[in-house]
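First up is the structure itself, then whatever we jot down about it.
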Amino acid sequence: MNITLADKKLDIRVSPRAARALAERTAPLQAEMELLFSCLIRKRVRFSESVMNDAIPVSDRLSVRFRPVMTRVCAMADVTGSPPLDDFPIANPSPFVPHWLTIDYRRGEWSGEFGY
C-alpha cells in the first residue's frame, strides 16, 4: 500500500497477521508515526482507536499520520513519568517524512516501525 504524505510517497507494509486483524475490525485503526525532537531524537509508532486529526485514510480499516513533536524540557531528571510534548511545526517537513511504515499484530498487540 502507498499513500502520499507531505508530497512524499509512504510505503506501508502490513504483515499477514496485521492484515487479518485489520479485516476483523469494525472501526479504523489509527497509526501515528511520532518523531520526537528532544535532547535526542526518538521515533515511535503509536496506535489508537480514536480518530486523529490530519490522519490520511489508507483503507476503510487503517488511517496514518506523521507527527513531529518536541519535549518542553530537556532536563529529563526534572520530569516525572512521560515528558510533556508539544507539536513541533516544521517549515519544510518533506526531509523528515518517513519513506516506509511496517505494521504487525502479535499476541493481541499492534506494533510498528518507520524509517527513511
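For the list (1) of a type in the set (S, T, N, Q); (2) modelled with pLDDT of 90 or more; (3) surrounded by fewer than 17 Cβ atoms within 10 Å (Cβ to Cβ), I need the number of the one condition that residue 2 fails. All conditions are met except number (2).
The lone criterion from (1) over 20 Å from residue 4 (Cβ atoms); (2) modelled with pLDDT of 90 or more left unmet by residue 112 is number (1).
Determine if the range 41-48 includes at least one residue that is over 14 Å from the mean Cα position of the chain (by Cα) and either surrounded by fewer than 14 Cβ atoms within 10 Å (Cβ to Cβ) or of a type in the set (S, T, N, Q) (or both). Yes, there is a match, as at least one residue in the range 41-48 is over 14 Å from the mean Cα position of the chain (by Cα) and either surrounded by fewer than 14 Cβ atoms within 10 Å (Cβ to Cβ) or of a type in the set (S, T, N, Q) (or both). Within the range 44-69, residues that are more than 19 Å from residue 94 (Cα to Cα) reach partners that are of a type in the set (Val, Ile, Thr) and loosely packed, with under 15 Cβ neighbours inside 10 Å with beta carbons closer than 7 Å, at six or more positions or on different chains, in the pairs 63/56. Picking from residues in the range 97-107 that are surrounded by fewer than 16 Cβ atoms within 10 Å (Cβ to Cβ) and out of contact with any helix residue (DSSP H, G or I) (no Cβ under 9 Å at 6 or more places or on another chain), the one that is nearest to residue 59 (Cα to Cα) is 100.
Taking (1) over 14 Å from residue 34 (Cα atoms); (2) charged (D, E, K, R); (3) at pLDDT 90 or above in turn, residue 49 satisfies each apart from (3).
Residue check: residue 17 meets all listed conditions (1) of a type outside the set (A, V, I, L, M); (2) part of a strand (DSSP E or B); (3) touching a residue at least 24 places away in the same chain (Cβ under 8 Å) but one, namely (2). Among the residues of the range 53-67, just one is aliphatic (A, V, I, L, M), more than 18 Å from residue 113 (Cβ to Cβ) and crowded, with 16+ Cβ neighbours inside 10 Å, namely 55.
Regarding the range 11-23, can at least one residue be identified that is over 13 Å from residue 100 (Cα atoms) and touching a Cys at 6+ places or on another chain (Cβ under 7 Å)? The answer is no, given that none of the residues of the range 11-23 is over 13 Å from residue 100 (Cα atoms) and touching a Cys at 6+ places or on another chain (Cβ under 7 Å).
The values are calculated or read from the model by the stated rules, or taken from the named source; none is laboratory data. Given the structure is predicted, the values throughout are model-derived calculations rather than measurements. Ideal geometry is used to build each Cβ from the backbone, glycine not excepted, and the neighbour counts take in all protein chains shown.
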